[in-house]
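Participant: Have a look at this one before I ask anything.
No value in this document is a laboratory result; all are computed from the given coordinates. These numbers were taken from a predicted model, which means no experiment stands behind them. For neighbour counting, all protein chains shown are included, and Cβ atoms are generated from backbone atoms with ideal geometry for every residue, glycine included.
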Amino acid sequence: MKTFLKKRFSLNDLKAYLKFNSDPTIWVVFILLCIISIIEMYSSATSLIAQSVENNQPYNFHILRHLRFLLIGIAFVWVLHYVPFKWVRYGGYFVLAVSIGLLIIILKGASINAVNFIRVVSENEASRWVMILGVKFQPSEIAKLSLIIVVADLISRIREGITKQIWYFWSIMAIVVTVCGLILFENFSTAALLFLVVFLMMFVGQISWKYLVGTVAVLAVVLIVGFMLVKTVPEEKMPNAFHRAYTWVNRAENHINDKDTTYLITDKNRQVMHSKFAIVRGGIIGVLPGNSEQCHYLPGAFSDFIFAIIIEEMGLIGGIFVILLYLVLLYRAGRIATQSKTVFSAVIVIGLTLIIVIQAFIHMAVATNLGPVTGQPLPLISRGGTSTIITCIYIGIILRATRQIRREKQIKMKNEELNFKS
């Protein structure tokens, strides 16, 4: 038995396994985004500092909190890029089941709050958080991660066994509709983003066109019917579960019909107007970190509108630099996917990268008034707890794929060398 263990788990094998062997470009992008996050969080958290003082907390309480979550996220990245893919693959199903249960708890709302150890927390007229034993987090973020893992696994099974394609496709649709449907009631933008990413994963995974076209057709009908109901049925006559639908439609219409040229600030356009002021003030090179003025007036300057503060302090040059970081991440993901030997690793890398990059561009569109307000944070930069850690987990899994590819190449080269010598 000792001999077996010695052969199976030698010290040299352990050293070789733990050797840094992942994509350095992704590491650089990840570290740069974390550094920008720390700088901009310090600059934009004026309102949080005032809040800390009012609550008799240290003035830098929220900044240190953000730094703590980043450090936890970095630890997750380091650990996960060593974890075998089979653990990720099958662990996704367990996490998905847990996240669905938590999303149902959010829908239960007030009835759950009666329980001592768990309650639903609402902010900004939306219930998106669950607090268990004093720890608050967003189940939708956990659902996003687990759904992408499970869908990647099912797509890989479709590619491995064409005869079961219909069964696996309907399995994907059932899971996606369940998760996105549960998220939809309180967070339309997240549900829409998640559905789009899953659809792109199926496209990349070469799912039959007839299924993809059918999905788009059904979705279009649902959206049209839903829009017509919102426009024809008064809000007070609709069930409470659909109250957010009226908010979504109003935001979209206000954005499309926004022709105000008076620059008059109201409660409805406060975020948009101060975001515009921040962008104009930034100019080409910005006013440098720590010199933002709009962070004092812009609600959500440290979260939903942090890109506007980035442009104010770092200028157009800084804004373009941040955009390029996300584009480099997308480019590297494409390269990793093409080099992957398994469908699962290729699809999951594409899915995880797309949800980071698309969310980033949605955030940027909102901050620059190119789209209606959605509440999507800028991945790895905006202040966050659950979202920061989950995004770091995305990066860790992507880096795991690069380690696997490099190890496969090294083994192939070693075998070729041995064959050549023999």
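Participant: Within 10 Å, count the other beta carbons around each residue, average over each peptide in 322-328, 390-396, 179-185, and list them highest first.
Facilitator: Highest to lowest by the protection proxy: 390-396, 179-185, 322-328.
Participant: Same structure again: Take residue 229 and residue 293, extend 7 Å from each Cα along the Cα→Cβ direction, and tell me the distance between the two endpoints in nm.
Facilitator: 4.8
Participant: Another one. Could you state the number of Å between the C-alpha centres of segment 59-107 and segment 299-320?
Facilitator: Distance between centres, Cα-based: 26 Å.
Participant: Quick one: of 210/231; 164/210; 231/276; 136/231; 108/268; 108/276, which pairs are farther than 27 Å apart, Cα to Cα?
Facilitator: 210/231; 231/276; 136/231; 108/268; 108/276
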